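Taken together, the values in this text are just the output of simple stated rules run on the coordinates, not laboratory data. Everything quoted here is computed from the prediction, not taken from an experiment. Cβ: placed from backbone, ideal geometry, glycine included. Neighbour counts: every protein chain shown.
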Amino acid sequence: MSERTLAIIKPDAVKKQAIGDIIARYEKAGLKPVALRMMQFSKSTAQGFYAVHKARPFFDSLCTFMVSGPVVVLVLQGDNAIKKNRELMGATDPAKAEPGTIRKAHGTNIEFNAVHGSDSPETAKFEIAYFFPEMDLVG
Ligand code: IDP
Ligand code: MG
C-alpha cells in the first residue's frame, strides 16, 4: 500500500554534508520525496514536534540539538513507506543499528543519530501536517 511518512535529516547529518547520501538512500529504496523543505527549527517548533517526548529526561537536550543548525524535512512516499523508512534508518542508537543503515553510516550516538522517521500511521499524519499542512496522508 502506498503511504507517506515524514523524515528529517537532523543538524548533525546536515553539518557532515550527508544530505545527498541520505536522500540517495531514500530514492534507491523506493521512497520518493514528494515534499522537501530546508529550515532552521525554533525552540517552539522542536518542542511541538517532539511533544510526545516531553516527559523524557532527554527532552531538553533533544530540542537543543534540533535547533543547533538547519535540518531538511521531507515527506517520503512509497509502498509501506513508514516501516521501510524505519528499516532504512536503523535503531535509535547507531551502535545498535544494522550495517547498511543510515544511522550506522552517519549517526554518532543515541541522541545525534542523523535522521528522524515517523513510527506509525498516526504519528506520520501528525508530523506531515505539522510541516506540510496542505498535504494529504496518501498521494
Ligand atoms: P526514534 O527517533 O528512533 O523514533 P525516539 O525514542 O522516538 O527514537 O526518540 C526521539 C529522538 O530522541 C531520538 O531519535 C534521539 O535523537 C533522541 N533520543 C532518544 N533516546 C535518547 C536517549 O536515551 N538519550 C538522548 N537522546 C535520545
Ligand atoms: Mg520516534
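Structure notes:
- Lone unmet requirement of (1) within 15 Å of the chain's Cα centre (by Cα); (2) in a helix (DSSP H, G or I) for residue 113: (2)
- Meets criteria (hydrophobic (A, V, I, L, M, F, W, C) and more than 13 Å from ligand 1 (Cβ to nearest atom)) for residue 88: no
- Strands (runs of 3 or more DSSP E) completely within the stretch 1-105 that count 3 or more residues being aliphatic (A, V, I, L, M), touching a helix residue (DSSP H, G or I) at 6+ places or on another chain (Cβ under 7 Å) and under 15 Å from residue 123 (Cβ atoms): 71-79
- Where residue 58 falls short, out of the listed (1) within 17 Å of residue 114 (Cα to Cα); (2) more than 11 Å from ligand 1 (Cβ to nearest atom): (2)
- Residue count for the stretch 109-134 satisfying the condition of being within 13 Å of ligand 2 (Cβ to nearest atom) and either aromatic (Phe, Trp, Tyr) or out of contact with any Leu (no Cβ under 7 Å at 6 or more places or on another chain) (or both): 10.
- Positions within the stretch 91-139 being within 22 Å of residue 64 (Cα to Cα) and aromatic (Phe, Trp, Tyr), in sequence order: 112, 126, 130, 131
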